[in-house]
Amino acid sequence: MKNKILNSGFGIGNLIFVAAVIIALPLRLYQYIGGILEPQTGFYAQSNWSIYLLYGILAVAIVAVVIFGLLSSKKLAYDNVKTVRPGFGALSGLVAAGMILDTFACLQQVGNLEELSASAESSPELTTRYVILAQIIFAFLSAIYFVVLCVGSLTGKSSGAEFKLVSLMPVLWSMLRMVARFMRTISYVRVSELMFEMLMLAFMILFFMNFAQCNSKVNDENCGWKLAAYGLPAALMALVCSVPRLILALTGKSDVVYTGSMLEYSDIAVALFIIAIVLTRVTLKPNKDTTTETTEE
């Protein structure tokens, strides 16, 4: 596994990501279990060393990955060759399933907002409801796109390059998720859950925009590095937001999680999808000399 991480195109950047995940996930879980986070408000209940360490680890890792991506921008490319990719196909299907689950969660949220806004024709709840309804639509369309990627990868007959318009649906889905969080009345700076989610969604938007560009072969020259530089921070934040919540839910301790941030399975699926792309499809560009020799032969 270590050799796979190092030998991929984004080797050192991958190691930075892995190190950040190994340190950040236990720290975040410790904050939940140790009562450092207030479940009702999302604020920190007390000052603690783990807060500064977690912020420092995340900041250093994200900046380092982006800088390494910039330095490697002329060396990296995206492998979009049509071939059978069973692992990539399975993960694409997993993302599609996660987005379908997201639609059901949003439908339940819309029902709750309908009760709150039943007596008012123009209320914050009513506006939020429209945003979430739009999110449901684009989550469903995004799921269709990932089903197409799944089938194409399992059969080797398509890379999804021909679905240029549909490839933008995950971008719009991520943007609507961010808008919904901006509409919350609580401070997203003081609430770590919300701040982490906003950072995750910002990088997801950048990743999906560049994935659509690279996978659809639209002005994709020198864009391969962006998939890694933006994707790994998105995956890191998605894992930090989701994995501790999943562990706490499985152990019956979900009551310690901030009530305004529920577990979203789509984030874990997207994180695994991004990691697979960076490890297997962001590659070093072929050596020009080697290419010239092959052409001459």
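The values are calculated or read from the model by the stated rules, or taken from the named source; none is laboratory data. From a predicted model like this one, the values you see are computed outputs, not experimental measurements. Reconstructed Cβ throughout: ideal geometry from the backbone, glycine too, with neighbour counts over all protein chains shown. Side chains included, ligands, DNA and RNA excluded: accessible areas come from the protein's heavy atoms. Shrake-Rupley method; radii C 1.70, N 1.55, O 1.52, S 1.80 Å.
When the charge dipole of the chain is built from unit charges on Cβ atoms (+1 for Lys and Arg, -1 for Asp and Glu) and taken about the Cα centre, the candidate among Ser261, Val131, Ala90 whose Cα reaches farthest toward its positive end is Ala90. Approximating the spin labels as points 7 Å out from Cα along Cα→Cβ, the Met178-to-Tyr30 distance works out to 3.1 nm.
When the chain is treated as a Gaussian network with alpha carbon springs shorter than 10 Å, the biggest mean-square fluctuation among Ala97, Ala45, Ala161 belongs to Ala45.
Tell me what the chain gives for mean residue ellipticity at 222 nm when only DSSP H runs of n ≥ 4 count, each as -39,500 (n - 2.57), the sum divided by the residue total, rounded to 500 deg cm²/dmol.
Details: 10 runs with 205 residues, N = 297.
Calculated at 222 nm, the ellipticity per residue is -24000 deg cm²/dmol.
The long axis of helix 124-155 is offset from the longest Cα principal axis of the chain by roughly 30 degrees. When the surface is traced with a 1.4 Å probe over the full set of protein chains, Lys217 keeps roughly 120 Å² accessible.
Please report, in debye to the nearest 20, how large the charge dipole of the chain is about its Cα centre when each Lys and Arg carries +1 at its beta carbon and each Asp and Glu carries -1 there. Let's see the in-between values first.
On the way: 21 positive and 19 negative charges, 112 e Å.
Taking the Cα centre of the chain as origin, the dipole is about 540 debye.
Relative to the dominant Cα principal axis of the chain, helix 192-215 is inclined by about 30°.
Under a 1.4 Å probe, what is the accessible area of the chain per residue, stated in Å²? Kindly include the intermediate steps, with their values, before the conclusion.
Details: 14230 Å² over 297 residues.
Per residue, the chain has an accessible area of 48 Å².
Counted residue by residue at 0.36 nm each, then reduced by the alpha carbon distance between them, the extension gain from Lys74 to Lys253 reaches 59.8 nm. Name the most mobile residue of Gln135, Gln213, Gln40, meaning the one with the largest mean-square fluctuation, in a Gaussian network model of the chain with Cα contacts below 10 Å. Of the options given, Gln40 has the highest mean-square fluctuation. Of all the accessible heavy-atom surface of the chain, with the other protein chains kept in place and a 1.4 Å probe, what percent is carbon and sulfur? C and S atoms contribute 66 percent here. For the chain, a Gaussian network of Cα nodes joined below 10 Å ranks Tyr265, Tyr32, Tyr55 by mean-square fluctuation, and the top entry is Tyr55. Enter the angle in degrees (range 0 to 90, nearest 10) between the Cα long axis of helix 11-33 and the first principal axis of the Cα atoms of the chain, meaning the one along which they spread out most. Orientation of helix 11-33: about 10 degrees from the principal axis.
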